1. From the list 275, 235, exactly one residue is among the aliphatic types (A, V, I, L, M) and within 20 Å of the chain's Cα centre (by Cα). Which is it?
2. Can you work out which of the residues in region 8-45 that are closer than 23 Å to residue 287 by Cβ, buried (at least 17 other Cβ atoms within 10 Å of the Cβ) and in contact with a helix residue (DSSP H, G or I) (Cβ under 8 Å, 6 or more places away or on another chain) is modelled with the lowest pLDDT?
3. Regarding residue 213, is this residue within 24 Å of the chain's Cα centre (by Cα) and surrounded by fewer than 20 Cβ atoms within 10 Å (Cβ to Cβ)?
4. Name the pairs whose Cβ atoms lie under 7 Å apart, with the first residue in region 28-44 and under 15 Å from residue 86 (Cα atoms) and in the same structural domain as residue 74 (by TED's automatic domain parsing), the second polar (S, T, N, Q) and surrounded by 13 or more Cβ atoms within 10 Å (Cβ to Cβ), and 6 or more positions between them or separate chains?
5. Inside region 243-277, can you point out the residues that are of a type in the set (Gly, Ala, Ser), modelled with pLDDT of 90 or more and in a helix (DSSP H, G or I)?
6. Which of (1) part of a helix (DSSP H, G or I); (2) of a type outside the set (S, T, N, Q); (3) closer than 29 Å to residue 38 by Cβ does residue 193 not meet, given it meets every other one?
7. Based on this model, can you work out whether residue 83 counts as buried (at least 19 other Cβ atoms within 10 Å of the Cβ) and at pLDDT 90 or above?
8. Quick check on this structure: which one of 240, 220 is surrounded by 13 or more Cβ atoms within 10 Å (Cβ to Cβ), assigned to a helix (DSSP H, G or I) and touching a residue at least 60 places away in the same chain (Cβ under 8 Å)?
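The values are calculated or read from the model by the stated rules, or taken from the named source; none is laboratory data. Treat the numbers as computed from the prediction; the structure is a model and nothing was measured. Here the Cβ positions follow ideal geometry from the backbone for every residue, glycine too, while neighbour counts run over all protein chains shown.
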Amino acid sequence: MRVNPNDIQLYHLPKITNLNSSLQMGRLNPAEFGNGSTEPDRHSFYTIFWFTGGKGTHYIDFIPYEIRPNTIFMFKPGQTHYFEVNHPPEGYRLFMEPDLTHSQFDLKIYEFFQLVNRSPVLYLGHEEGLELQKLVDLLLDEFSRSGDPTNEAIAHLLKLVFLKLESFYNIHFKQYDDELDGLIDQFQQLVEDQYFEQHRIKHYASQLNITADYLSERVKSVLGVPPSKLIHQRLMLEAKRLLAYTDLTSAEISHTLGFNDSAYFSRFFKRETNLTPLKFRGEIREKYNHHPE
């Protein structure tokens with residue numbers, strides 16, 4: 001059975017009477033950042049933060065990212081994040097329920113967040129920020145009057161925002177052949193769905209109707225790492241989450257993640273981090289004061 005780190009606060013979008021609340025947006029409120037640090041939490045929805053001002057660090061799944069003016073963060077449901085800021089943040093937030101992708105306007109939010117090798121952070125240049133600002137201000141103005149994503153103006157403005165962000169990624173990050181992107185996307189989604197049960201490349205290749213050798217070749221040519229690395233990275237991420245935010249034992253986490261031998265899991269974890277599971281748990285909780293109640 002898969003165990004989720006339920007000690008991490010999971011936030012849902014509040015339901016707004018007489019409105020379709022699958023889309024919510026507004027300006028960042030500095031008060032939400034308290035004294036500069038926030039507790040780790042998760043969202044059940046897709047999230048975009050755009051910092052137009054402020055300084056600090058945004059931790060997404062244990063990885064620190066610098067906050068500076070014109071920084072955009074994008075992450076998917078279930079990812080753990082928290083902030084450490086030393087200058088009051090300014091900017092915008094955009095929250096979208098997964099079912100928004102099934103609207104009549106086909107916003108394709110899922111595909112946007114699943115693109116190959118996507119970084120959760122994008123640092124815009126000054127001119128890019130000005131371009132995006134025009135669209136976001138129009139969207140926020142329309143949203144403040146209607147608040148309903150089935151409103152055509154809101155839907156089309158949101159599409160324009162996504163298209164603009166996509167164009168910025170084309171500039172800042174190398175893009176790959178669409179056909180290869182599709183194959184790698186499928187592989188990554190299979191890993192996301194099955195990593196806690198299946199660790200073998202052959203298993204995923206058979207579901208894609210290709211050979212393990214071909215899958216290895218394609219993944220390495222696109223991402224520069226073997227597919228086994230992606231599987232290991234996903235296993236490590238979940239192991240870190242469970243160690244940091246739950247009181248499950250190392251043996252219980254090993255079983256949860258599909259390892260038949262808890263001793264092997266401990267060796268695997270140490271090989272990837274240079275720490276034993278218990279050493280990692282102690283250090284991460286001491287450093288960030290993350291203790292399940």
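1. Values: 275 fails: within 20 Å of the chain's Cα centre (by Cα).
Only one candidate qualifies: 235.
2. Across region 8-45, the extreme among qualifying residues is 8.
3. Values: within 24 Å of the chain's Cα centre (by Cα): no; surrounded by fewer than 20 Cβ atoms within 10 Å (Cβ to Cβ): yes.
So residue 213 fails the test.
4. none
5. Going through region 243-277, the residues of a type in the set (Gly, Ala, Ser) turn out to be 244, 250-251, 254, 258, 262-263, 266.
Of the ones still in play, those that are also modelled with pLDDT of 90 or more are 250-251, 254, 258, 262-263, 266.
Correct list: 250, 251, 254, 262, 263, 266.
6. (3)
7. On the way: buried (at least 19 other Cβ atoms within 10 Å of the Cβ): yes; at pLDDT 90 or above: yes.
Answer is yes for this residue.
8. On the way: 220 fails: touching a residue at least 60 places away in the same chain (Cβ under 8 Å).
After ruling out the rest, the residue left standing is 240.
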